[in-house]
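A short write-up of the structure that comes next.
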Amino acid sequence: MYTRVRDLLALGKKNNACILAFDCADVNMIRSVCYGAQKARKPVIMMLHPTATLKNVLPFSVFAHTAKYFANQVDVPVGLHLDHCSDFDEICRAIHDGFDSVMADGSILPFEENVAFTSKVVEVAKNFDVDVEGELGHVGTAAESDEYSKKEMFTKPSEVTEFTARTGVTSLAVSFGSAHGLYKYPPKLDIDHLKELQAATDTPLVLHGGTGIDDDQLKAAFANGINKINIGTEFYMLNTRLNKEFYAQEDFVPYTYPDYIVPVLTDYIARRLELCTVTL
Ligand SMILES: [Zn+2]
C-alpha cells in the first residue's frame with residue numbers, strides 16, 4: 001500500500017533497521033519492487049533518478065502515478081522518492097507532479113550554500129507537506145576516483161548537527177566510505193565515523209552507493225544509524241541483462257517481455273530485502 005517515506009523512515013528508526021530504496025527506470029522495475037516487497041513481507045521505497053526523466057524514460061507525473069498504482073496493488077508499505085536533484089525548479093516540478101518525498105542534493109556546494117539551497121527546498125516542500133532528503137559531505141562516483149576512501153570527503157559530525165537543525169531536512173545522506181556506481185576495489189565503510197554521525201543528530205541517515213558493499217558491512221551500518229539505503233546500479237544492470245537476453249531469443253513474442261523480466265527482478269528484490277530487519 002502506498003505509504004509516506006517519512007513513515008517508512010520512522011519505522012526504520014523505531015526498529016533500528018534500514019529501509020531499502022531502489023532506483024527504477026521503467027514499469028517492469030516499478031512492478032518488481034512492489035511484488036518483491038510483497039513476497040518478502042518488507043517495506044520498500046521506489047525512487048526515480050531525474051536523469052531517467054531528462055532522457056524521457058518516464059516523466060515525473062507518469063512515474064508517480066504508475067508507482068502509486070502498483071504500490072496500492074500490494075499490502076506491504078511502499079514509498080516513492082525523487083533521487084538526487086540539485087535543480088530547484090526541477091524539484092518543484094516533481095512536487096507539482098506527485099512526488100511527496102524529494103532529495104535536494106547540495107553536497108557539491110560549500111557548507112553555507114548547501115544550507116541555503118536545502119533550506120529553500122524545505123521551505124517550499126513544507127507548504128506541500130513533502131519530505132526532503134539532504135546530503136552533506138560528498139558521496140562521489142566510484143568509477144571516477146577512489147576519493148570515497150578518503151576521510152576528508154567524509155561528512156563532519158559537527159556539521160551534521162548544525163545542518164539538520166538549520167535546514168529541517170527529513171533525512172540526511174552522509175559520506176563515510178561509499179560511492180555511486182561500480183567500485184574499483186571493495187569499499188570499506190568507516191563504522192566508527194558513522195557512529196559519530198549518528199550521535200550528532202536524531203535525523204534518519206541515508207547511505208548512497210549500495211551496489212558492491214558486502215552484507216556484513218551493510219548490517220553494521222544499519223545497526224548504527226543508517227535508516228535508508230539507495231541501491232541503483234546493480235538493479236539497473238540486472239534489468240539491462242534480462243532485456244538483452246529476452247530480445248536475443250530468436251522466436252520471442254514482443255509483448256511477453258514483462259513475463260520474462262518481472263519474475264527475475266522480483267526475486268532479486270525479495271532477496272535483497274532480507275537485509276531489512278523490520279517485521280510487519
Ligand atoms: Zn546517491
In terms of modelled amide H atoms, which long-range or inter-chain residues lie less than 5 Å from the amide H of ASN15? none
Charge tally for neighbours of THR170 with beta carbon under 9 Å away, counting Lys, Arg as +1 and Asp, Glu as -1, is -1
Bins of 10 Å, beginning at zero and ending with the bin holding the largest distance: percent of Cα pairs per bin for segment 68-143, please. 19, 44, 27, 10, 1
Can you give the net charge of the other residues whose Cβ lies under 12 Å from the Cβ of THR161, counting K and R as +1 and D and E as -1? -2
Ranked by how many other beta carbons lie within 10 Å on average, peptides 213-224, 71-82 from highest: 71-82, 213-224
From zero up to wherever the largest Cα-Cα distance of the chain sits, split into 5 Å bins and tell me the percent of pairs in each. 1, 6, 13, 17, 20, 18, 13, 7, 3, 1, 1, 0, 0
Cα pair distances in segment 124-280, grouped into 5 Å bins until the bin that holds the longest one, percent each: 1, 8, 16, 17, 16, 14, 11, 8, 5, 3, 1, 0, 0
Where a ≥ b ≥ c are root eigenvalues of the Cα gyration tensor, a/c under 1.5 meaning rounded, otherwise prolate if a/b exceeds b/c and oblate otherwise, segment 1-110 counts as oblate
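Based on the Cβ-Cβ distance from SER86 to ALA248, what FRET efficiency comes out when R0 is 35 Å, to the nearest 0.05?
The formula returns an efficiency of 0.40 here.
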For the chain, calculate the relative contact order in percent as a whole number, restricting contacts to Cα pairs under 8 Å that are 6 or more residues apart. 23 percent
Mind checking the angle between helix 233-248 and the chain's longest principal axis? C-alpha axes, 0 to 90 degrees, to the nearest 10. 20 degrees
Quick one: angle between helix 60-71 and the longest Cα principal axis of the chain, in degrees between 0 and 90, rounded to 10, please. 70 degrees
Less than 10 Å Cβ to Cβ from SER86, Lys/Arg counted +1 and Asp/Glu -1: what total charge do the surrounding residues give? -4
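Every number here is computed from the coordinates shown, using simple stated rules; none is lab data. Fair warning: this is a prediction, and the values are worked out from it, not measured in the lab. Virtual Cβ from ideal backbone geometry, glycine too; neighbours counted across all protein chains shown.
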